[in-house]
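These notes are about the structure you will find just below.
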Amino acid sequence: MNQYLELGQIVNTKGLKGEVKVNSFTNDNTKFERIPKVFVKQKESMVEYEIEKVGYHKNQVILKLKNIDTIEEAEKLRNAFILINREDLGDLPEGVYYIVDLIGLTVITEQGEILGRVDEIFSTGSNDVYVIKNDMGEQKLLPGIDEVIKQIDLENGKMIVNLIKGL
């Protein structure tokens, strides 16, 4: 499992006092209010920053990072990724997973047939949809519902599924 999780990407500056606009990768932008620090990753470097202030504008998060006080300093962070140490987020509720942890899991039916690997996950509003891709590049879409997703075993890298009628 990755120690750091991507929360978003800095896409622009805001104002003259070093604030940055972030396209959030999380479904809950208020997470930024609950964390004291983030890591800004550019190419191979990663620098820790305290969060001084969190705001919102349209669908973006506005961050004021400590020691980034001018538009010129903020501009240098454009296109960088915002990461957080997994430990700073606390434990997830039972049955809830980070998408990054599910990508790459081997998907196996309850009968033992290997369908492929989780290639992508997207949200439809009512439930997530898992894109399963086999070695031939063929895709199968599985709804992320309890009737289909029977077991997720991160330690062993597998997901057990029940192919209900119509799948």
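What follows draws every value from the coordinates through simple rules; no lab data is involved. Values in this document were obtained by computation on a predicted structure and should not be read as measured data. Quick reminder, even Gly has a Cβ in these numbers, built from the backbone with ideal geometry, and neighbours come from all protein chains shown.
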Starting from one equal scatterer on each C-alpha and no solvent at all, send me the Debye-based log10 I(q)/I(0) for the range 84-155 at q = 0.23, 0.25 Å⁻¹, two decimals. -1.15, -1.30
Taking the Cα-to-Cβ direction at residue 43 and at residue 76 and moving 7 Å from each Cα, how far apart do the two end points lie in nm? 1.3 nm
Give me the one-decimal nm value for the distance between modelled label points at residue 113 and residue 30, 7 Å along each residue's Cα-to-Cβ direction. 4.4 nm
At q = 0.13, 0.16, 0.25, 0.26 Å⁻¹, work out log10 I(q)/I(0) for the range 4-89 with the Debye formula, treating every Cα as an identical point scatterer and leaving solvent out; two decimals please. -0.33, -0.52, -1.39, -1.52
Share antiparallel - DSSP beta bridges, the range 12-167, percent rounded to 5: 90 percent
Identify the residues of the range 149-167 with backbone N under 18 Å of a label point that sits 7 angstrom from the Cα of residue 97 along the Cα-to-Cβ direction, or state none. 149-164
All Cα pairs of the chain, percent lying beyond 20 Å: 58 percent
From the phi of every residue in the range 22-36, what ³J(HN,Hα) in whole Hz does the Karplus formula 6.51 cos²θ - 1.76 cosθ + 1.60 yield, where θ is phi - 60° and glycine or proline is x? 10, 7, 7, 9, 9, 7, 9, 5, 5, 4, 4, 6, 9, 10, x
